[in-house]
Amino acid sequence: MPEIVVNHTMISLVCEHCGKQFERRKAEHDYRIKKGITSRVMCSMKCSGQARKDNRTIEQKRADKAAYDREHRKKPEVKAKHLERAKAFWKSDAGKAKRKARLPLHLEYCRRPEYKEKKKEYDQQYRAEKMYGSEFAEAYLTLLRLDQEIGERMSNHEIRLINDTYNKKQRRRKDYERTNSYELEDGPMGNLERD
Ligand SMILES: [Zn+2]
């Protein structure tokens with residue numbers, strides 16, 4: 001800040017707020033600096049007050065507060081407290097009523113195909129970890145997916161062979177005739193007499 005010595009008692013200063021030039025007793029100026037009364041040079045109480053004033057608009061203040069809150073909520077102790085309160089609320093009567101009122105919306109949410117897909121994956125992971133522990137869950141899931149892949153590539157013929165349902169109708173008819181017929185059957189050991 002340019003200080004211009006006017007005479008042996010007064011100096012000329014420039015106000016940091018309004019930019020006007022003004023004179024101050026040199027002794028007072030030195031005293032202020034020595035005591036650290038003001039860090040910035042102001043011509044009057046009015047300028048000093050206005051310089052301190054919060055000139056943010058309401059929108060800006062809201063945005064700043066929102067930014068502060070976002071950071072504040074990340075603190076572990078604040079998070080824990082919030083979680084505790086949320087749990088208590090959903091267990092309370094008010095929470096139960098709210099949940100019940102929102103039930104149709106929730107069902108609609110669960111019916112969406114992308115939710116179903118996500119839930120299916122989540123459930124598979126959950127069951128795998130429950131059955132095989134976190135160590136082997138991934139191995140199990142890989143095997144499961146491989147199995148599905150093979151299943152999808154198998155033909156109708158192969159599936160019937162594995163499930164032993166090939167020629168099912170024909171075999172059942174023959175079994176029926178064998179037990180209910182009085183005709184003698186030509187077996188591999190020749191004609192066996194019936195009891
Ligand atoms: Zn001023």
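Among the candidates Glu121, Glu84, Glu114, Glu129, single out the residue that is assigned by TED's automatic domain parsing to the domain that holds Arg145, more than 18 Å from Arg145 (Cβ to Cβ) and outside any loop (DSSP other than H, G, I, E, B).
Going through Glu121, Glu84, Glu114, Glu129 in turn, just one is assigned by TED's automatic domain parsing to the domain that holds Arg145, more than 18 Å from Arg145 (Cβ to Cβ) and outside any loop (DSSP other than H, G, I, E, B): Glu114.
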| note | Per the filter on region 52-81, residues within 16 Å of the ligand (Cβ to nearest atom) and assigned to a helix (DSSP H, G or I) are Arg52
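In region 1-51, which residues are assigned to a helix (DSSP H, G or I) and away from the ligand (no atom under 13 Å from the Cβ)?
Correct list: Lys26, Ala27, Glu28, His29, Asp30, Tyr31, Arg32, Ile33, Lys34, Lys35.
Yes/no matrix, rows are residues, columns are (1) surrounded by fewer than 12 Cβ atoms within 10 Å (Cβ to Cβ); (2) hydroxyl-bearing (Ser, Thr, Tyr); (3) farther than 30 Å from Asp69 by Cβ; (4) in contact with a strand residue (DSSP E or B) (Cβ under 8 Å, 6 or more places away or on another chain):
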| residue | (1), (2), (3), (4) |
| --- | --- |
| Ala88 | yes, no, no, no |
| Pro104 | yes, no, yes, no |
| Leu107 | yes, no, yes, no |
| Pro113 | yes, no, yes, no |
| Ala128 | no, no, yes, no |
| Leu146 | yes, no, yes, no |
| Asp164 | yes, no, yes, no |
| Lys169 | yes, no, yes, no |
| Arg173 | yes, no, yes, no |
| query | Mind checking which residues of region 28-64 are under 26 Å from Val5 (Cα atoms) and surrounded by fewer than 11 Cβ atoms within 10 Å (Cβ to Cβ)? | reply | Lys34, Lys35, Gly36, Ile37, Ser39, Met45
| said: Any residue that is of a type in the set (Gly, Ala, Ser) and under 30 Å from Cys15 (Cα atoms) - is there at least one of those in region 70-87? | reply: no
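The values are calculated or read from the model by the stated rules, or taken from the named source; none is laboratory data. Predicted model only: the values in this text are computed from it and were never measured. A quick note on method: Cβ atoms are made from the backbone with ideal geometry, for glycine too, and the neighbour counts reach across all protein chains shown.
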